[in-house]
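S.K.: Take a look at the following structure, please.
The values are calculated or read from the model by the stated rules, or taken from the named source; none is laboratory data. Computed from a prediction, not measured in an experiment: that's the story for all the values here. Cβ placement follows ideal geometry from the backbone for every residue including glycine, while neighbour counts extend to all protein chains displayed.
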Amino acid sequence: MKVAVIGGGPAGVYAALTLSKHAKVYLIEKEDRLGGTCVLYGCIPTKSMLSPLIFSSFLSKFGVNVQFNLNQLREYAINSINTISKGVERLLESNGIEVIHTTGSIRSSIVHAGNEPLNVDNTIISTGTRRERINELKFTEDLAYSNEDYKSVIVIGGDVGGIELSWMMRKLGKEVHLVDRNVSLLTNIDDTLSNVVTNYLSQIGIKLHLGKEVSKISRSSIILSDGESISADAVFLTFGRKPNIEGFEEIPHDKYLYVDEYLRTQVPNVYAAGDIIGTFTAHEAIYGGVVAARNILGYKEEFIVEGVPKVIYIHPQIAYVGVTSGKCVIVNTVSLAKTVVDKEDEGFFKLCVRDNRIVGAVAFMPNAEDVISLISIFIRHQMELKSIMNIVLPHPSYLEALTEALMRLV
């Protein structure tokens, strides 16, 4: 069997690796480097720049002052990008996957690598999304590749990327203006989380301009819908990605490619995974790539969207999963022994149950991703509370927030 995987991001890479044990795999990637948006422009450079600041924020609790500058963070980011991208290249090569650096497309039901037709039995489209450039405006992914420094920045968009960038810049000592059309941040996730995070960012000195639209924008200034004018050294946008549909117009789609629960498009033997179908995290893309690949190999596995954890990498960390409806309890994490050990003085964990099962949770605390990932397992495996009550979690740890919440619920 021969399979073409179009797109060398997380979905494409993991699809190719899954298939490589059983098929001849061609991976088509238009970029010179592998890894896709996540490795080259998104989560890897961003988290590489955030990680030292999170570490220094933790040390500051013990009176240790460690400072970084923007160029140091950029150096860390570029090193991470190169290391991981080259690692992906070696991994694919060692698994016998043929990488073709050109533009992939499907024309008249035939896969093309550039202008050359490719004879394959199945195809996975994982071309991701791209930025729609607006004049000379900056986006979050430009930061690692620039050599500019700033005393002040304007960040437009209070989403995950906007919160991470604003926190990063503030920890570097910059004046930060964060603008969002909603009256509070993260309102689509949970009201408690929204209120706490909005207040926290304001307390650390980020100037919030909420419930306002941007009516005019330039490289270094904006005018808001209420007439307020704000100037800074740079303006960053955090939204505006569009799926890479070009070359696949004959595959049924609206904004994204249509797929069923098995990630099959409406064209026989053509599958799709990752941001091209409307998922927005690298781990969802990885999961989707594996599911699509396994279904090509004859399995019949559904792509389950419920219970996928999401994380915002600041300090304290933000993480969430599922929906916060039903019966909910809130644990103030200051009550945990671990917060005393780590000298943490703020944070909360919220757990919600319905019909004897956990349906969602949010956390604003150190290591939030750990407890939320554990809850993700409970949700995705539809575990009942009586089974979950048997878990034993380490002490002292932030995972004990879950133990405390369960004790209040049952």
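S.K.: Among the residues of region 50-75, what is the count of those that are at pLDDT 95 or above and of a type in the set (Lys, Arg)?
M.R.: 1
S.K.: What single numbered condition from (1) within 25 Å of residue 171 (Cβ to Cβ); (2) touching a strand residue (DSSP E or B) at 6+ places or on another chain (Cβ under 7 Å) fails to hold for residue 350?
M.R.: (1)
S.K.: Identify, from the list 286, 251, the residue that is farther than 30 Å from residue 136 by Cβ, touching a strand residue (DSSP E or B) at 6+ places or on another chain (Cβ under 7 Å) and in the same structural domain as residue 127 (by TED's automatic domain parsing).
M.R.: Being farther than 30 Å from residue 136 by Cβ, touching a strand residue (DSSP E or B) at 6+ places or on another chain (Cβ under 7 Å) and in the same structural domain as residue 127 (by TED's automatic domain parsing) holds for just one of 286, 251, which is 251.
S.K.: Pick from 94, 146: which is free of Cβ contacts under 8 Å to residues at least 60 places away in the same chain and among the hydroxyl-bearing types (Ser, Thr, Tyr)? Let's see the steps before the verdict.
M.R.: Numbers: 146 fails: free of Cβ contacts under 8 Å to residues at least 60 places away in the same chain.
Going through 94, 146 in turn, just one is free of Cβ contacts under 8 Å to residues at least 60 places away in the same chain and among the hydroxyl-bearing types (Ser, Thr, Tyr): 94.
S.K.: Residues in region 76-128 that are of a type in the set (Gly, Ala, Ser), out of contact with any strand residue (DSSP E or B) (no Cβ under 7 Å at 6 or more places or on another chain) and at pLDDT 95 or above: how many?
M.R.: 8
S.K.: Pick out the one residue from 71, 79 that is assigned to a helix (DSSP H, G or I), in contact (Cβ under 8 Å) with a residue 60 or more places away in the chain, surrounded by fewer than 15 Cβ atoms within 10 Å (Cβ to Cβ) and on the phi < 0 side of the Ramachandran plot.
M.R.: Among 71, 79, only 71 is assigned to a helix (DSSP H, G or I), in contact (Cβ under 8 Å) with a residue 60 or more places away in the chain, surrounded by fewer than 15 Cβ atoms within 10 Å (Cβ to Cβ) and on the phi < 0 side of the Ramachandran plot.
S.K.: Look through region 90-127, keep the residues that are surrounded by 13 or more Cβ atoms within 10 Å (Cβ to Cβ) and farther than 13 Å from residue 28 by Cα, and return whichever of them is nearest to the chain's Cα centre (by Cα).
M.R.: Result: 91.
S.K.: Continuing with the same structure: Taking the options 111, 176, 183, name whichever one is part of a strand (DSSP E or B) and touching a Leu at 6+ places or on another chain (Cβ under 8 Å).
M.R.: On the way: 176 fails: touching a Leu at 6+ places or on another chain (Cβ under 8 Å); 183 fails: part of a strand (DSSP E or B).
Answer to the selection: 111.
S.K.: Moving on to the next point. Just to check your reading of the model, which residue among 224, 193, 263 is outside the structural domain of residue 42 (by TED's automatic domain parsing), surrounded by 20 or more Cβ atoms within 10 Å (Cβ to Cβ) and aliphatic (A, V, I, L, M)?
M.R.: Residue meeting the stated conditions: 193.
S.K.: Shifting gears a bit: From the list 296, 245, exactly one residue is among the hydrophobic types (A, V, I, L, M, F, W, C), crowded, with 22+ Cβ neighbours inside 10 Å and in contact with a helix residue (DSSP H, G or I) (Cβ under 8 Å, 6 or more places away or on another chain). Which is it? Step through it out loud before you land on a result.
M.R.: Values: 245 fails: crowded, with 22+ Cβ neighbours inside 10 Å.
None of the other options fit; the residue is 296.
S.K.: Restricting to region 301-320, count the residues that are touching a strand residue (DSSP E or B) at 6+ places or on another chain (Cβ under 6 Å) and β-branched (Val, Ile, Thr).
M.R.: Of the residues in that region, 3 qualify.
S.K.: Just to be sure I understand, how many residues within region 148-174 are surrounded by 21 or more Cβ atoms within 10 Å (Cβ to Cβ), within 21 Å of residue 75 (Cα to Cα) and of a type in the set (Gly, Ala, Ser)?
M.R.: Number of matching residues: 2.
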